[in-house]
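As structure tokens, the structure follows; a few thoughts come after it.
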Amino acid sequence: KKSELTDILKFVHKHYAKPNQVYYGKAKGKNVIILHLESFQQFMIDKKVDGREVTPFLNHLYHSQSTYSFDNFFHQVGQGKTSDAENMLETSTYGLPQGSLFAQLGNDNTFQGAPSILRQKAGYSSAVFHGNVASFWNRNNTYKNLGYQYFFDASYYDTSGDKSLGFGLKDKLLFNDSVKYLQRLQQPFYVKYLTVTNHFPFSLDKEDEDDGFKAPDTGDKAVDNYFRTAHYLDESIKEFYSYLHKTGLDKKSIIVLYGDHYGISNSENTDLAKVLGKNPSDWNDFDNAQLQRVPLMFNMPGTKGGFIDHTYGGEIDVLPTLLHLLGISNKQYIQFGTDLLSKQHDTVVAFRNEDWVSDKYTCLSGVVYDNKTGQELHPNKKLQAKINNMQAKVKLELSLSDSLNQKNLLRFYHPKGLKPIDPEKYNYANGLS
Ligand code: GP9
Ligand code: MN
């Protein structure tokens, strides 16, 4: 076990990307609000149907002077879907090759994740807001081991009748009904909102539809409805921003918006192709991989200097990036991602099945595509050697993350100033007193 930890540390130290001084500490002391945009994909940004934007508010944030946006950012989830995304964002370690890490290891594993690091290094309080039952994805147990102080699950809101649909409380109601809890949290806080309405099969009650909005007509119900619920999600985020503005929390916060994974599956992508102006009969694996892009935005209302960054990265990279923006070094922690804003950032993005995408190439089951043309490449010896190196890095990184988590090795690792978490301390049934 000791030697495995040594191998992991060797990789992580070599892989470490030092912060970019231009951005280090830009959000120091700010509240952190993570907005988990359920099933929201990057292609929706700036997308118009019949001349009308689907998500005007998110588009506005994306282009805002107060936002660092990324347009080559990929989800990296496996079967654990939402919970894998959460795990990557909280810990910068990967989900498991099969199943959900939250479900399989959430009860007993040692975590050194965002809530605990921020609490111990910078005095942050922490909470999750989610309109589904606490036990879904074993969150109630996992969050305690992550060191979350509060978990405002479905039991904190009125979810009766038409207030909830599908996976829980409708997003607009979640934001509206949670503000009273948010306002009472000790600042600075680190909080996460998990939205649910934009989830397959993308149902929406008539009363929540915007009559002025027209979804596309592809003949595929899921695809068409996805545009409707994405539009609803956009409206709910806009409403939340107006609450933040009213309470004055907006200027005291960095808001991180991200899509957790695809909403439209590969088998439906050919129906989506028409809306994207592509020919469904030319559609291939390369196209499916490109659609795994999801949004990532760091928004600091009231600031300037925003941009759209074309750096290639994935969910594994969010925590190192965020910590550096908050002026907290990640050097002593075991994290597999690298700061997206660092000059040393690793641009090879691993998918959970060992496929990968880099700034130049997409490699799927050993087949290499040129990102520029979308054509399959037949690499010469020199390029093949380079490709092999990238593939080997991807395999090594995933396998080291797996042994770290599957063997619970963090219980043997004691970074300075980070005390282990006592999950017994948290009793979410009592919530805030
Ligand atoms: C459930 C919600 C959906 O609470 O987060 O999870 P998913 O099906 O996307 O993994
Ligand atoms: Mn999800």
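Here, each number is a calculation from the coordinates, and none is a lab measurement. All values derive from a computational prediction rather than experimental measurement. Note that each Cβ is placed from the backbone with ideal geometry, even for glycine, and that neighbours are counted across all protein chains shown.
Scanning for something within 16 Å of ligand 2 (Cβ to nearest atom), under 30 Å from GLU354 (Cα atoms) and not hydroxyl-bearing (Ser, Thr, Tyr), does the range 9-31 turn up at least one residue? No.
The residue of the range 308-353 that is surrounded by the most Cβ atoms within 10 Å (Cβ to Cβ), among those that are of a type in the set (D, E, K, R) and farther than 23 Å from GLN391 by Cβ, is ASP339.
Among the residues of the range 216-226, the one identified as among the hydrophobic types (A, V, I, L, M, F, W, C) and surrounded by fewer than 22 Cβ atoms within 10 Å (Cβ to Cβ) is ALA222. For the range 259-280, give me each residue that is in a helix (DSSP H, G or I) and of a type in the set (A, V, I, L, M). Passing the criteria: LEU272, ALA273, VAL275.
Among residues of the range 200-211 being touching a residue at least 24 places away in the same chain (Cβ under 8 Å) and surrounded by fewer than 21 Cβ atoms within 10 Å (Cβ to Cβ), the one that is nearest to ligand 1 (Cβ to nearest atom) is PHE200. Flag not set for ASN20, criterion: under 26 Å from GLY166 (Cβ atoms), surrounded by fewer than 19 Cβ atoms within 10 Å (Cβ to Cβ), polar (S, T, N, Q) and away from ligand 1 (no atom under 16 Å from the Cβ). Any residue at all in the range 286-293 that's within 16 Å of ligand 1 (Cβ to nearest atom) and under 25 Å from SER236 (Cα atoms)? Looking through the range 286-293, at least one residue is within 16 Å of ligand 1 (Cβ to nearest atom) and under 25 Å from SER236 (Cα atoms). Report whether or not VAL128 is part of a loop (DSSP other than H, G, I, E, B) and either more than 30 Å from GLY161 (Cα to Cα) or within 16 Å of ligand 2 (Cβ to nearest atom) (or both). Considered against the rule, which asks whether it is part of a loop (DSSP other than H, G, I, E, B) and either more than 30 Å from GLY161 (Cα to Cα) or within 16 Å of ligand 2 (Cβ to nearest atom) (or both), VAL128 comes out as no. For PHE167, the requirement of being farther than 16 Å from ASN427 by Cα and under 20 Å from the mean Cα position of the chain (by Cα) is met. Residues that are within 27 Å of GLN76 (Cβ to Cβ) and among the polar types (S, T, N, Q) within the range 212-260 comprise ASN225, THR229, SER236, SER253, listed in sequence order.
A quick yes/no check of all residues on (1) part of a loop (DSSP other than H, G, I, E, B); (2) under 21 Å from the mean Cα position of the chain (by Cα); (3) on the phi > 0 side of the Ramachandran plot:
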site	(1), (2), (3)
LYS10	no, no, no
ALA17	yes, yes, no
VAL32	no, yes, no
PHE43	no, yes, no
ASP46	yes, yes, yes
ASN72	no, yes, no
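The number of residues in the range 103-120 that are among the hydrophobic types (A, V, I, L, M, F, W, C) and closer than 23 Å to LEU185 by Cβ comes to 4. Among the residues of this structure, THR93 counts as one that is of a type in the set (Val, Ile, Thr) and within 29 Å of LEU396 (Cβ to Cβ). Selection of the range 88-113 for residues being in contact (Cβ under 8 Å) with a residue 40 or more places away in the chain, in a helix (DSSP H, G or I) and among the polar types (S, T, N, Q) yields only THR91. Specify which of the listed residues (HIS345, HIS310) is over 15 Å from the mean Cα position of the chain (by Cα) and not in a loop (DSSP other than H, G, I, E, B). After applying the criteria, what remains is HIS310.
Only one of these is part of a helix (DSSP H, G or I), more than 13 Å from ligand 1 (Cβ to nearest atom) and over 27 Å from LEU326 (Cβ atoms): SER116, SER155, SER178. Name it. Result of the check over SER116, SER155, SER178: SER155. Among the residues of the range 348-371, those identified as of a type outside the set (Asp, Glu), more than 15 Å from the chain's Cα centre (by Cα) and either more than 23 Å from TYR262 (Cα to Cα) or outside any loop (DSSP other than H, G, I, E, B) (or both) are TRP356, VAL357, TYR361, THR362, CYS363, LEU364, VAL367, VAL368, TYR369. For the range 131-146, the tally of residues that are outside any helix (DSSP H, G or I) and under 19 Å from the mean Cα position of the chain (by Cα) stands at 2.
Quick one: in the range 236-264, which of the residues that are β-branched (Val, Ile, Thr) and over 20 Å from GLY29 (Cβ atoms) is farthest from ligand 1 (Cβ to nearest atom)? The extreme case among them is ILE237. Picking from residues in the range 35-46 that are more than 14 Å from ligand 2 (Cβ to nearest atom) and in contact (Cβ under 8 Å) with a residue 40 or more places away in the chain, the one that is surrounded by the fewest Cβ atoms within 10 Å (Cβ to Cβ) is PHE43.
Residues are listed down the side, and each one gets a yes or a no for (1) more than 16 Å from ligand 2 (Cβ to nearest atom); (2) among the basic types (Lys, Arg); (3) crowded, with 24+ Cβ neighbours inside 10 Å:
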| site | (1), (2), (3) |
| --- | --- |
| GLU86 | no, no, yes |
| SER92 | yes, no, yes |
| ASN109 | yes, no, no |
| ALA114 | yes, no, yes |
| LEU118 | yes, no, no |
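For LEU58, the conditions (1) in a helix (DSSP H, G or I); (2) among the aliphatic types (A, V, I, L, M); (3) within 16 Å of ligand 2 (Cβ to nearest atom); (4) out of contact with any Gly (no Cβ under 9 Å at 6 or more places or on another chain) are fulfilled apart from (3).
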